[in-house]
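The values are calculated or read from the model by the stated rules, or taken from the named source; none is laboratory data. Since the structure is predicted, the reported quantities are computational estimates derived from the model, not experimental observations. Here the Cβ is made from the backbone with ideal geometry for all residues, glycine too, and neighbour counts use every protein chain on show. The area values use the complete protein model at the heavy-atom level, side chains included, leaving out ligands, DNA and RNA. Shrake-Rupley method; radii C 1.70, N 1.55, O 1.52, S 1.80 Å.
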Amino acid sequence: AQAVPRALLPADPGAGAVPSPLLRQDEQLELLERLDFVVRNLVELRKEVEELRNSLQHLAVEIVGEVRTHLEETQRVTRRRRFPFSRDRSDSTGSSSIYFTASSGNVNTDDGESEGGYTTANAESDYDRESERESEEGEDEVSCETVRTVRRDSLDLGPEEENPLLLDSSQEEGLGQLLEQADRLHGGDERDKREGFQLLLNNKLAYAGQQEFLWRLARAHSDMWELTEDEDERRSYATEGKEELELALQKWDQSAECHQWFAILCGQVSEHESIPRRIQAGYVFKEHIDKAIALKPQDPQLYYLLGRWCYQVAHLGWLEKRTVSALFETPPTATVEDALQNFLRVEELSPGFSKAGRVYIAKCYKDLGNASAAALWLDLASELPGNTKEDAESEKELEEMRSV
């Protein structure tokens, strides 16, 4: 009775009465076990809340850093627009900035003394306010024209270009052969993929203004990301491939391939970043895969990628779900059934599309409690060869599921 809380003892009926517990000994033990379970869960919850707090603090630091970087970059751009010429006391164009060199001989002003007056002012004083006011309007025009010139010279695919660079008949034939070779090498082994990546890099200067070339170059960056083991190199390949398509999507928003590989590269880049950034990349991934499916609804690869996304969202952990809820007003939602429907759509469009796809179908059926269907799809998956690194990983999962 001394070990039982006083709340479990009956009220004192009289001075001579002997108190006795309300619960039997086995019931007391069961109650104590439940209390211990609650305490342990509270401890775990406290740890998870602390992890969430640290994650949010880290996110806040990142946001502040990004805002500061953006403001600093904006200020640098503003300064460059106001002072497009070098402030060095020299008349040599070789020491001028890229703005001066790129626009040399291409810009005419109404004031014939403006350019000469500006140079003289630089020689006499770096901060001659009167000369700056007189030439400010002309400098803005020079800066804008220079940026456009630099874009054209570097084959930048900015929105100001209305049409892709036109190719003559021989260039078109060469591009067609190049793309066929790139596709063949992409479907080969590791050595072929590395060769394909180098082949596209060697021809970037000639064909960087062509949509079909550019998304294949981004795809080759994704291949190199998969083949490389060094973390820094992997991040570099994924980042460069993503940047190749960022400008391309401003021009070719109706290209399913551009959206597809941009989504894939976003996911690859996010694997090297923090949890909040990975979650944000998940939104971007889903957005571009949806656009690609709308543009190319019969492509099985797109439904496979969407199925993978649904499966991962359906299996988010408690902490990840709480982080998503804290960061976004409308968290992503997907179920195992959603993932299954997308994987089955892949088989409908292209039976035996991949070993990994069939293993995922088996995993979905297992999660849904349909063991017989899961076993059937494991057998079907074992019939397919493993052509990719992902297929090899799926083979390990297949064996583990069968052993269980």
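Laid out as a table, the results:
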quantity: 13 Å beta-carbon shell around P332, net charge (K/R +1, D/E -1); calculated: -2
quantity: With every protein chain in place, the range 290-404: carbon and sulfur % of accessible area (1.4 Å); calculated: 52 percent
quantity: All-pairs Cα distance distribution in the range 217-296, expressed in whole percent, bin size 5 Å; calculated: 3, 18, 26, 24, 19, 8, 2, 0
quantity: Distance-filtered residues of the range 208-224 - backbone nitrogen under 18 Å, label point 7 angstrom along D189 Cα→Cβ; calculated: 224
quantity: Prolate/oblate/rounded call for the range 304-394, Cα gyration tensor, a/c under 1.5 rounded; calculated: prolate
quantity: Signed unit charges on C-beta, dipole axis of the range 279-404, positive-most listed residue T335, Y283, V313; calculated: Y283
quantity: Simple Cβ-charge dipole of the range 314-404, Lys/Arg +1 and Asp/Glu -1, about Cα centre, in debye nearest 20; calculated: 160 debye
quantity: Given charges at beta-carbon only (K, R positive; D, E negative), |dipole| of the range 219-366 in Debye; calculated: 640 debye
quantity: Around S382: net Lys/Arg minus Asp/Glu count, Cβ-Cβ under 10 Å; calculated: -1
quantity: Accessible surface, per residue, of the range 259-336 when the full set of protein chains is kept, probe 1.4 Å, Å²; calculated: 46 Å²
quantity: ³J(HN,Hα), Karplus 6.51/-1.76/1.60, whole Hz, each residue of the range 208-216, x for Gly, Pro; calculated: 5, x, 10, 4, 5, 6, 5, 6, 5
quantity: Cα-based shape type of the range 163-274, given that a ≥ b ≥ c are square roots of the gyration tensor eigenvalues and the cut on a/c is 1.5; calculated: oblate
quantity: Summed side-chain charge close to E30 - residues other than E30 whose Cβ falls under 12 Å, Lys, Arg +1, Asp, Glu -1; calculated: -2
quantity: Packing rank of 346-359, 36-49, 378-391, where each peptide gets the mean count of other beta carbons within 10 Å, highest leading; calculated: 346-359, 378-391, 36-49
quantity: Length added when fully stretched, D290-R24, from 0.36 nm per residue minus Cα-Cα; calculated: 89.6 nm
